[in-house]
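Have a look at the structure below, then the notes.
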Amino acid sequence: MSKFHIVVDLAKCVGCHTCIMACKDEHCGNCWLPYTDEQRREDEKWIRIKRVERGNYPHAQVHYLPSICNHCDNAACIKAYPDVFFKREDGIVMMDPVKAKGRPEIKDACPFGAIDWNEDLQVAQKCTGCAHLLDDGWKEPRCVQVCPLRALRIVKCDDGDFEKLAMVKGLEPLHGAGAKPRVVYKNLHLYKNVYVCGAVETTGKDGLKTCAKGVQVELCKGDEVVATTVTDMFGDFYFDKLDKNSGEYIVKVGGQTLKATVGAECADVGLITL
């Protein structure tokens, strides 16, 4: 059976918050019972975007991490409150807005913080995947529809085909796989991993220093070369997708050898002159 999945690409998200505004536009001032009651204009957000900073000047990077209800197949909320939460055949986890009324403790049922408490209406709420629109023939939720760079994408297919797609595309969950989330991420290394970086310049006969483009750089772990790259037009190089606290590496470029220690943050070996 064709089921609901959402793919979030961190390499495409620019933190424009258009998805949040579309969600607000759809749910603030609009009552979509029996799916959900209207959302609060202030405070409550069914989509959250976290700013992620990696590295330091001049090689700092900024990325954005959108997170929503994961619509988990092994959902903690359903286990905690089976009278309130239920899973549709298409995979979307729904909340009964009548049974969620006057029960603020429900907010803590999600270990990932996806449930909000609407103080105005005294009801627990969360993302519905815009189920009211999908049931009306829409192909995408509002957040997916408006994303200008397609950082959010809905995929409807059976679970077997999606598992194959996830393997090919390197898709992975933000939170523990044990929950079996239906929201998965591409390029999640931009959030959870670190990099070793640096820059290369050359000095001409006239003493003028210029960015060294296309210079080969090696990253070694002990005696083993674990990655190779070339400098970009600015002379910069990056070795990404490294595990945090993975220890000491050796950077080799133009006959020079430099040490880089990878801890909880990215490591920068600085400017190298050839």
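A few remarks follow.
- Under a 5 Å amide H cut-off, with hydrogens placed 1.01 Å from N, VAL155 pairs with HIS5, ILE6, VAL7 among residues at least 5 apart or on other chains.
- By the beta-carbon count within 10 Å of each Cβ, the least crowded to most crowded order of PHE112, PHE234, PHE239, fewest first, is PHE234, PHE112, PHE239.
- Separation of alpha-carbon centers, region 197-237 and region 75-124, rounded to whole Å: 52
- When both region 145-179 and region 1-61 are represented by their alpha-carbon centers, they are found 16 Å apart.
- If R0 is taken as 22 Å, the Cβ-Cβ distance between CYS16 and TRP138 corresponds to a FRET efficiency of 0.50.
- Helical runs (DSSP H, four residues minimum) scored at -39500 (n - 2.57) apiece and divided by the length of the chain put the mean residue ellipticity at 222 nm at -3500 deg cm²/dmol.
- Farthest toward the positive end of the dipole of the chain, out of CYS19, ILE115, GLN125, is the Cα of CYS19, where the dipole comes from beta carbon charges about the Cα centre.
- For VAL215, the residues whose amide H sits under 5 Å from its own are THR231, ignoring neighbours fewer than 5 places away on the same chain, with H placed 1.01 Å from N.
- What the phi angles of region 213-225 give under the Karplus curve with 6.51, -1.76 and 1.60, with θ = phi - 60°, is a coupling list of 8, x, 7, 6, 10, 10, 10, 10, 10, x, 9, 9, 7 Hz, glycine and proline written as x.
- Derived scalar couplings between HN and Hα for region 3-9 equal 10, 7, 9, 10, 10, 10, 9 Hz in order, rounded to whole Hz, by the Karplus curve 6.51 cos²θ - 1.76 cosθ + 1.60 (θ = phi - 60°), x for Gly and Pro.
- Rounded to the nearest whole Hz, the Karplus-based 3J(HN,Hα) values (6.51 cos²θ - 1.76 cosθ + 1.60, θ = phi - 60°) of region 152-158 follow the sequence 10, 8, 8, 10, 10, 6, 6, with x at glycine and proline.
- For LYS87 and LYS209, the difference between the fully extended length at 0.36 nm per residue and the C-alpha to C-alpha distance is 37.7 nm.
- Amide hydrogen neighbours beyond the local backbone of ASN118, cut-off 5 Å, H modeled: VAL123, ALA124, GLN125
- Which of MET95, MET167, MET21 has the fewest Cβ neighbours within 10 Å, and the rest in rising order: MET167, MET21, MET95
- Scaled against the 2.2 N^0.38 Å expected of a compact globular protein of N residues, the Cα radius of gyration of region 3-190 reads 1.02.
- Separation of the GLN122 and ASN30 label points, Cα + 7 Å toward Cβ, nm: 2.7
- With the simple model of a label 7 Å out from the Cα in the direction of the Cβ, ARG41 to THR273 spans 6.1 nm.
- Two-site label geometry, ALA80 and ALA227: point separation in nm, points 7 Å out along Cα→Cβ: 3.7
No value in this document is a laboratory result; all are computed from the given coordinates. Owing to the predicted nature of the structure, the values given are computational and were not obtained by experimental measurement. No Cβ is skipped: glycine too gets one built from the backbone with ideal geometry, and neighbour counts run over all protein chains shown.
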